[in-house]
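Each remark here refers to the structure printed beneath this line.
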Amino acid sequence: TQSIKLSVQLHPYGDGQQLLLTRDITSVLQAEVMRRDFVANVSHEIRTPLTVLSGFVETLQNLPLGHDEQQHYLALMAVQASRMQTLVSDLLILSQLEGSPPPGKGEPVALAPLTQQVHDDALALSALQGSESSGPVHTLVMAPVPEWCLAGSRHELLSAMSNLVNNAVRYTPAGGTIRMAWSQPDDEHVVFSVQDTGPGIAAEHLPRLSERFYRVDRSRSRETGGTGLGLAITKHVVQRHGGQLRIESEPGRGSTFMLSFPVSRLLPAA
Ligand code: ADP
């Protein structure tokens, strides 16, 4: 059973009669609860790095000027400040996506150079996870990209694809393999898929992964600079392009994240 909330009002209706007006306000109240939860989550996410930052400021204040450990604390403070910057920037992206009309059939976006950029950025991110001289710690495989153009927004598509590939790099231990590919599995869809050999995700988490701030492993997300907003942004972008985010995963067997777009979004190569 599901409860619904009704607003009930009596209105005079000529001749001494009264009209009973009822309105289903369930969705209005649900939206209000979601808005409140979101504000509470954002406050919490901002408060955490801010508390750490204030702690370091206090420690620095208690050290004599020129103390050896100053640089150490300043570096730790820089990490927290950059975490807050990333969070605020993801929040802005999300609110812009929610507040603006979908990009329509806008510009034709060539997929080959876009995918190459996502690949190159992910390789650089993978290199950051190793020691300075080791280079990338994952194998990244990019299947040849067809000469396709997709109608939409280049920067939105770039952020949706990057979020998936960067997540694969962040959650897959060193030595793992990440494969990205564009394919046309049937007459109606084109799909960008990112497959990793990471830890995989238990089935009960899958439906909630694209909720804002939902994380399976909070500390792993934080350690790798996550905001908990990446998949929420990705889902918004793909839906604005008429598509869907799909996830297949099993613990111990890695994950595959897919952006599936309607074939009607494909344009002839420019
Ligand atoms: P975050 O910034 O925490 O990575 P996301 O919205 O991008 O936020 O992802 C939500 C959660 O989904 C992550 O915290 C992580 O638990 C899980 N996740 C995302 N991608 C992967 C992946 N490739 N392998 C395992 N878990 C993943």
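For residues that are of a type in the set (A, V, I, L, M) and over 17 Å from L267 (Cα atoms), scanning just the stretch 176-206, find the one that is surrounded by the fewest Cβ atoms within 10 Å (Cβ to Cβ).
Of the residues in the stretch 176-206, the ones of a type in the set (A, V, I, L, M) are 178, 180-181, 190-191, 194, 201-203, 206.
Within this subset, residues satisfying the condition of being over 17 Å from L267 (Cα atoms) are 178, 180-181, 194, 201-203, 206.
Details: I178: 26, M180: 23, A181: 16, V194: 23, I201: 19, A202: 11, A203: 9, L206: 15.
By that ranking, first place goes to A203.
Report, by residue number, each residue of the stretch 83-112 that is over 20 Å from L231 (Cα atoms) and either aromatic (F, W, Y) or open to solvent by less than 80 Å² (accessible area, probe 1.4 Å) (or both).
If the condition is that a residue be over 20 Å from L231 (Cα atoms) and either aromatic (F, W, Y) or open to solvent by less than 80 Å² (accessible area, probe 1.4 Å) (or both), then G104, G106, P108, V109, A110, L111, A112 are the ones that fit.
Condition test on L229, is it within 20 Å of the chain's Cα centre (by Cα), within 11 Å of the ligand (Cβ to nearest atom) and either hydrophobic (A, V, I, L, M, F, W, C) or closer than 22 Å to V145 by Cβ (or both)?
yes
Restricting to the stretch 157-175, and then to whatever is open to solvent by 10 Å² or more (accessible area, probe 1.4 Å) and within 12 Å of the ligand (Cβ to nearest atom), can you tell me which residue is farthest from R220 (Cα to Cα)?
S159
When only residues in the stretch 128-142 that are touching a residue at least 40 places away in the same chain (Cβ under 8 Å) and part of a loop (DSSP other than H, G, I, E, B) count, which is surrounded by the fewest Cβ atoms within 10 Å (Cβ to Cβ)?
Selected residue: G130.
Suppose we filter the stretch 223-265 for residues that are surrounded by fewer than 16 Cβ atoms within 10 Å (Cβ to Cβ) and in a helix (DSSP H, G or I); how many remain?
Qualifying residue count, the stretch 223-265: 4.
Could you check P101 against (1) part of a helix (DSSP H, G or I); (2) within 30 Å of V190 (Cβ to Cβ) and say which number it fails?
Checking P101 against (1) part of a helix (DSSP H, G or I); (2) within 30 Å of V190 (Cβ to Cβ), the one that fails is (1).
Can you run down the residue pairs with Cβ atoms below 7 Å, 6 or more apart or on separate chains, where the first is in the stretch 33-62 and closer than 15 Å to V79 by Cα and the partner is open to solvent by 50 Å² or more (accessible area, probe 1.4 Å)?
Going by the 7 Å Cβ cut-off, the qualifying pairs are P49/R83; F56/L76.
Filter the stretch 1-45 down to residues that are more than 30 Å from L87 (Cα to Cα) and of a type in the set (G, A, S) and give me whichever is least open to solvent (accessible area, probe 1.4 Å).
So, considering only residues that are more than 30 Å from L87 (Cα to Cα) and of a type in the set (G, A, S), the one least open to solvent (accessible area, probe 1.4 Å) is S7.
Every residue in the stretch 195-213 that is near the ligand (Cβ under 9 Å from one of its atoms) and in a loop (DSSP other than H, G, I, E, B), please.
G198, P199, G200, I201, L209, S210, E211, R212, F213
If you take the residues in the stretch 176-194 that are closer than 16 Å to L150 by Cα and touching a Phe, Trp or Tyr at 6+ places or on another chain (Cβ under 8 Å), which one is nearest to the ligand (Cβ to nearest atom)?
S193
Under the condition of being aliphatic (A, V, I, L, M) and within 20 Å of T224 (Cβ to Cβ), which residue from the stretch 60-82 is farthest from the chain's Cα centre (by Cα)?
Filtering the stretch 60-82 for residues aliphatic (A, V, I, L, M) gives 60, 63, 65, 74-79, 81.
Subsequent filtering for residues that are within 20 Å of T224 (Cβ to Cβ) retains 75-79, 81.
Details: A75: 27, L76: 25, M77: 25, A78: 23, V79: 20, A81: 20 Å.
Applying the filter and picking the extreme gives A75.
The values are calculated or read from the model by the stated rules, or taken from the named source; none is laboratory data. Keep in mind that this is a model prediction, so the values were computed, not measured. All Cβ positions, even for glycine, are placed from backbone atoms using ideal geometry, and neighbour counts span all protein chains on display. Calculation scope for accessible area: heavy atoms of the full protein, side chains included, ligands and nucleic acids excluded. Shrake-Rupley method; radii C 1.70, N 1.55, O 1.52, S 1.80 Å.
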